[in-house]
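Right, one structure below, let's go through it.
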Amino acid sequence: MFGWTSRQRNVAIASFLSWTLDAFDFFVLVFLLSDIATAFQVDIKQVTLAILLTLAVRPIGALLFGRAAEKYGRKPVLMVNIALFSFFELCTAAAPSLTVFLILRVIYGIAMGGVWGVASSLAMETIPDRSRGLMSGIFQAGYPFGYLLAAVVYGLLFNVVGWRGMFVIGAVPVFLLPFIWFKVQESPVWLAARERNESTALMPVLKKNWKLCVYLVVLMAGFNFFSHGTQDLYPTFLKVQHGFDPHTVSLIAISYNIASIIGGVFFGALSEKIGRKKAIIIAALLSLPVIPLWAFSGGSWMLGLGAFLMQFMVQGAWGVVPTYLTELVPANTRAVLPGFVYQLGNLIASVNATLQAYIAESHGHNYGLAMAIVAGTVAILISVLVAFGRDTRGKAIAGAINNQTVNDHAKV
C-alpha cells in the first residue's frame, strides 16, 4: 500500500481505527437525542448538554494523555485511551437519570480527548514524509467513517436494542487493543527523541510559541464549529423538522459520511500538490453555495444531495488538519500540542449544539436556519484565518529523524 512497510501500514490502520471507533462512540449520541429526551422526560435542548460537556472536557484529556504520550510513548497511552473511553461508553448504557448520564459523558469526554493527538502523532511520525498529506486525509476520514458506522448501526439495530443497547455496542473499540499490542510499533520519532534525552517540558514551548498557540486554538474553534455545526443536529433536523423515520435518517447520514470520507482523502492528497492552505480554503469556500440545498430544500433526495456535498467540503477541509497541525508545532510536542489546541478549539465550539437548538427553538424549531447561520459564518472565518497562516507542505518529519540518526553515527 503506497510503498509503505508493514510497520507503517499497521500504524496507519491502528490510528485510523482508533479515531473511527472514538468517533463512532461520540456520534451514537447524536442519533439518540430525541429518544433520550423522551426516556428522561426532558426536552432535546437539555440532552444536548451531553454533547456540550463531552466536547468541553476533551482538552483535559488531550493535555493529560498527550503529556503521557510524550513521556511514555504513543502506543501504550493510545491503548489506555481506548480502554477507558470504551468502558465509560458502556457505563452510559446503565445511566438511571439524566444527571448521571451527563456525568458519565463528562468522564467519557476526558478519555476521548486524548485519542486524536496521540493517534495522529503516531501516524504522522511513522508514515513517510511524501505520504503525510494522504495519511492526513485517511486518518481524519476515520471521523466521518465512525459517524457512518453509527448511522448504519442506528438504522439496523436501534429498533431492536433501543438507545441503551446502542451505548453497549459502543464498547466495541476495546477489541482493537490486541491488534495494537501485537502489530503496532512505537513511533520512531519518539524513540529517537528518547535516545537523545530531549526535553518534553510543555510550558517553555507554550511561552515561546504563544502566538502560534492562540492562532491554532482560534483556527480549531472555527473548524470544530464547522464540523459539529453541520453534523451534530442534522439527524434531529431530519427527524423533527422533516419528520423522516429512522431508516431514512440513517440512509441520508450514510450518504453524507461516505462523502466525508471521500472529501477528506481527496483534499488531504490534494494538499501535497497545491499546499495545505489552498486545499483548506478551497474546500471551505465551496461549502457556501451548498448551504441552501443542504439546509432549506425539501424531500429526502434533495436534502440527501445537499448533505452529501456539504460534508464532502467540510471534511475535505478537515482532511488537511492532522498534517497541518503536526507540521506547524515544535517537534517535541507533536503528541500533546496538536491535540491540545484541537480540543481547546472544541471547548470553544462545545456550545454549538445547545446554541443551534436555542436558535432553532427561537425560530419555530427551524433547525435548518440555525445550522445555516453557523456553517456560513465559520466557513468564511476559516478561510480568512488560514489565509493569514503559513504553508507547511514539504516539511520533513520522518526524514529529519533519519538524517539526525545518520549525523549521530557520523559523529561517533
**Prompt:** Of all the helices (runs of 4 or more DSSP H) wholly in region 310-412, which have at least 2 residues that are modelled with pLDDT under 90 and open to solvent by less than 50 Å² (accessible area, probe 1.4 Å)?
**Reply:** 321-328, 337-349, 352-362, 398-411
**Asked** Does THR248 meet the test of being buried (at least 24 other Cβ atoms within 10 Å of the Cβ) and of a type outside the set (Asp, Glu)?
**Response** no
**Message:** I'd like to verify a number: residues in region 104-146 that are open to solvent by 10 Å² or more (accessible area, probe 1.4 Å) and under 16 Å from TYR342 (Cα atoms), how many?
**Reply:** 1
**Asked** Which one is nearest to THR236 (Cα to Cα) among residues in region 163-190 that are more than 22 Å from the chain's Cα centre (by Cα) and free of Cβ contacts under 8 Å to residues at least 60 places away in the same chain?
**Response** PRO178
**Prompt:** Which of (1) in a helix (DSSP H, G or I); (2) open to solvent by less than 40 Å² (accessible area, probe 1.4 Å); (3) touching a residue at least 12 places away in the same chain (Cβ under 8 Å) is the odd one out, the single condition ALA37 does not satisfy?
**Reply:** (3)
**Message:** So if I check each of VAL42, VAL57, which one is open to solvent by 10 Å² or more (accessible area, probe 1.4 Å) and either modelled with pLDDT of 95 or more or not in a helix (DSSP H, G or I) (or both)?
**Reply:** VAL42
**Prompt:** Hey, among the residues in region 147-203 that are within 17 Å of SER34 (Cβ to Cβ) and not hydrophobic (A, V, I, L, M, F, W, C), which one's most open to solvent (accessible area, probe 1.4 Å)?
**Reply:** ASN159
**Message:** Looking at region 216-236, can you tell me whether even one residue there is surrounded by fewer than 20 Cβ atoms within 10 Å (Cβ to Cβ), aromatic (Phe, Trp, Tyr) and within 24 Å of the chain's Cα centre (by Cα)?
**Reply:** no
**Message:** If I filter region 70-79 for residues that are free of Cβ contacts under 8 Å to residues at least 12 places away in the same chain and part of a helix (DSSP H, G or I), do I get at least one hit?
**Reply:** yes
**Complete:** Taking region 33-83 and keeping residues touching a Ser or Thr at 6+ places or on another chain (Cβ under 7 Å) and under 12 Å from ALA357 (Cβ atoms) leaves LEU33, SER34, ILE44, LYS45, THR48, LEU49, LEU52
**Message:** If a residue must be touching a residue at least 12 places away in the same chain (Cβ under 8 Å), closer than 30 Å to ILE127 by Cα and either part of a helix (DSSP H, G or I) or open to solvent by less than 30 Å² (accessible area, probe 1.4 Å) (or both), how many such residues does region 1-34 contain?
**Reply:** 21
**Request:** Answer yes or no as to whether VAL240 is among the β-branched types (Val, Ile, Thr) and surrounded by fewer than 24 Cβ atoms within 10 Å (Cβ to Cβ).
**Result:** yes
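The values are calculated or read from the model by the stated rules, or taken from the named source; none is laboratory data. All of these numbers come straight from a predicted model, not from anything done at the bench. All Cβ positions, even for glycine, are placed from backbone atoms using ideal geometry, and neighbour counts span all protein chains on display. With ligands, DNA and RNA removed, areas are computed over all heavy atoms of the protein, side chains included. Shrake-Rupley method; radii C 1.70, N 1.55, O 1.52, S 1.80 Å.
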